[in-house]
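The next block holds one structure in the form of structure tokens; read it before the comments.
The values are calculated or read from the model by the stated rules, or taken from the named source; none is laboratory data. All values reported here derive from a predicted model rather than from experimental measurement. Neighbour counts are summed over all protein chains in view; Cβ atoms, including those assigned to glycine, are modelled from backbone coordinates with ideal geometry. Side chains are part of the model used for accessible areas, which takes the heavy atoms of the whole protein and leaves out ligands, DNA and RNA. Shrake-Rupley method; radii C 1.70, N 1.55, O 1.52, S 1.80 Å.
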Amino acid sequence: MKIVTITNQKGGVGKTTTASSLFAGLHKMGKKTLAIDMDSQCNLSYCFKADTSKPSIINVFRGEVSLKDAMQHTEAGDFVQSDKNLDNVMTELSALDKVYKLSKVLKEVKDQYDYVIIDTPPALSPLTINALVASNAVIIPVQADSFSMQGAEALAETIKGIREVNESLEMSGILIVRYKGRAGLAQHMNKKFEDFAKIFETKVFDTKIRDAIAIQESQLARTNIFDYDSNCNVALDYANFVKEFING
């Protein structure tokens, strides 16, 4: 079971859209998928029309329900919703569980899924640490700007530290989103990210996710980009990214 965290300490870089697209794209390729929303903003939960009357990851962390009992079944795969109070529940956990709780929880389903996709908050919070410690892969979505570069650099340093307790964690790559290929800045930043990737022994995915209004429209429709319009440019980009990710 490959556990993949999608994260960047900078907000607004397409993190949740990437998590949603990877989750749905893998499922459409016949993979058994589970998504967990670990962001108290609940954007991924909103996208998948989560039933808020049902248990969330909070209830799992508190030991009130099992992970299986918190799952909601969608056309894109199985899903566990977040809660706006998720940050608060981390203060209730023991020192060990502040780091390892999600790792413990996922043992319940370790033989049932090909991929677990985890969406995280746009900050280096205990929730993000929990996700990274539980994962064996991390994808960093970025925009072609210097602020995204700063966020990626800070995150990469954090990942180095987390590898001391989770040696299996690898940086699968940097995914450039909202890409405008003809813009001089985009091309300049692409070279910067390539240099950065070499330093941290990872790569920039060949696939670039083009800027498109269809992303915002799919969010309004509360669905993933493939179910919204599988033939639009950005859906084709994400489909190519999913294939590239699977092929390593």
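Hey, any hits in the range 167-187 for a residue that's over 17 Å from the mean Cα position of the chain (by Cα) and at pLDDT 85 or above?
Yes: one or more hits.
Please list, ordered by residue number, the strands (runs of 3 or more DSSP E) wholly in the range 34-148 having 2 or more residues that are open to solvent by 10 Å² or more (accessible area, probe 1.4 Å), more than 17 Å from residue 158 (Cβ to Cβ) and in contact with a Lys or Arg (Cβ under 9 Å, 6 or more places away or on another chain).
72-74
If only one of 94, 56, 21, 82 is farther than 30 Å from residue 205 by Cα and at pLDDT 95 or above, which one is it?
On inspection, the qualifying residue turns out to be 56.
Within the range 13-31, is there a residue that is open to solvent by less than 20 Å² (accessible area, probe 1.4 Å), of a type in the set (Val, Ile, Thr) and within 24 Å of residue 244 (Cβ to Cβ)?
Within the range 13-31 (the criterion being open to solvent by less than 20 Å² (accessible area, probe 1.4 Å), of a type in the set (Val, Ile, Thr) and within 24 Å of residue 244 (Cβ to Cβ)), the answer is yes, since at least one residue qualifies.
Take the residues in the range 114-147 that are under 16 Å from the mean Cα position of the chain (by Cα) and small (Gly, Ala, Ser); name whichever of them is modelled with the lowest pLDDT.
123
Somewhere in the range 228-236, is a residue touching a residue at least 40 places away in the same chain (Cβ under 8 Å), surrounded by fewer than 19 Cβ atoms within 10 Å (Cβ to Cβ), more than 18 Å from residue 176 (Cα to Cα) and out of contact with any Asp or Glu (no Cβ under 7 Å at 6 or more places or on another chain)?
No, the range 228-236 contains no residue that is touching a residue at least 40 places away in the same chain (Cβ under 8 Å), surrounded by fewer than 19 Cβ atoms within 10 Å (Cβ to Cβ), more than 18 Å from residue 176 (Cα to Cα) and out of contact with any Asp or Glu (no Cβ under 7 Å at 6 or more places or on another chain).
Taking residue 172 as the residue in question, decide whether it is at negative phi, surrounded by 13 or more Cβ atoms within 10 Å (Cβ to Cβ), assigned to a helix (DSSP H, G or I) and of a type in the set (Gly, Ala, Ser).
Judged against the criteria, residue 172 is not a match.
What is the number of the single condition among (1) within 23 Å of residue 60 (Cα to Cα); (2) aliphatic (A, V, I, L, M); (3) buried (at least 18 other Cβ atoms within 10 Å of the Cβ) that residue 152 does not meet?
Every condition holds for residue 152 apart from (1).
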